[in-house]
Amino acid sequence: LDSAAGPDGSTPITVDSKWDDVKERIRKHPDFEVLSRSDRYDVFKSRVNALRKAAEDAERKKRLAAKEAARKVEGAVRLQLQGLRDEAKIDQNTTYDDVKTQLLDVAEFAKADELKTGFLAEVVK
């Protein structure tokens, strides 16, 4: 099935592939008649399921990496805020705008703030 792209350059099997489309592309393959109808379909479904699982795993890893990056930013910002509190530079009446410039010293926070600003600019367009 991995060779279902065929000599004519048709598309390879993906998670969105439909059995009827793939069946037509591989009908002339020498191994096509070796398997029974149900076995051909089972092999196709197994391949699509494996591709779907791989895509889901990649997406899960991407989400975990994003969460880890967010935790890193939160930790760095927390340390910065604790330092400012310990130095009596902030108290319970301090606003976000009062400390934003100091937080921009944290590289991760600066990058997140830049992304937020870019996102808001895109939304407002």
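Before moving on, here are some points about what is shown:
- Restricted to helices (runs of 4 or more DSSP H) entirely inside the stretch 1-113, no element has at least 3 residues that are of a type in the set (Gly, Ala, Ser), touching a residue at least 60 places away in the same chain (Cβ under 8 Å) and open to solvent by 70 Å² or more (accessible area, probe 1.4 Å).
- Count of residues meeting criterion [β-branched (Val, Ile, Thr) and either open to solvent by 100 Å² or more (accessible area, probe 1.4 Å) or outside any helix (DSSP H, G or I) (or both)] in the stretch 114-125: 1
The values are calculated or read from the model by the stated rules, or taken from the named source; none is laboratory data. Because the structure is a prediction, the values reported are computed rather than measured. Positions of Cβ are backbone-derived with ideal geometry, glycine not excepted, and every protein chain shown enters the neighbour counts. Accessible surface is based on the protein model in full, side chains and every heavy atom, while ligands, DNA and RNA are left aside. Shrake-Rupley method; radii C 1.70, N 1.55, O 1.52, S 1.80 Å.
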